[in-house]
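Below is one structure, written out as structure tokens; comments come after it.
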Amino acid sequence: MEVDLIFKIAAIGILAAVLNQVLTRAGRDEQGMMVILAALVLVLTMVVREVANLFDLVKVLFQL
């Protein structure tokens, strides 16, 4: 796992939190929740991709 992935996840989290706060202050709670859910889906797809790469590496390592 690279450090870039951690920084990307942190940047997405910070951006989503700021957008959520801005939208909540503007009275648009539903859009703020959608921003948080979109960020969560984005981060989960990134993590799932890395886990799949890990499983592929373990397969190659143990010649399965």
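The values are calculated or read from the model by the stated rules, or taken from the named source; none is laboratory data. Being a predicted model, the structure only gives us computed values, none of them experimental. No Cβ is skipped: glycine too gets one built from the backbone with ideal geometry, and neighbour counts run over all protein chains shown. These area figures cover heavy atoms from the full protein model, side chains too; ligands, DNA and RNA do not enter into them. Shrake-Rupley method; radii C 1.70, N 1.55, O 1.52, S 1.80 Å.
Some values worked out for this structure:
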| item | result |
| --- | --- |
| Scan of the stretch 1-17 for residues that are open to solvent by 80 Å² or more (accessible area, probe 1.4 Å), more than 13 Å from M46 (Cα to Cα) and in contact (Cβ under 8 Å) with a residue 12 or more places away in the chain, ordered by number | L15 |
| Residue in the stretch 5-19 that is touching a Lys or Arg at 6+ places or on another chain (Cβ under 9 Å) and in a helix (DSSP H, G or I) present | no |
| Residue ID - farthest from the chain's Cα centre (by Cα), chosen from residues in the stretch 18-41 that are surrounded by 14 or more Cβ atoms within 10 Å (Cβ to Cβ) and in contact (Cβ under 8 Å) with a residue 12 or more places away in the chain | L23 |
| Condition check for A52: open to solvent by less than 60 Å² (accessible area, probe 1.4 Å) and either in contact with a Ser or Thr (Cβ under 9 Å, 6 or more places away or on another chain) or not aromatic (F, W, Y) (or both) | yes |
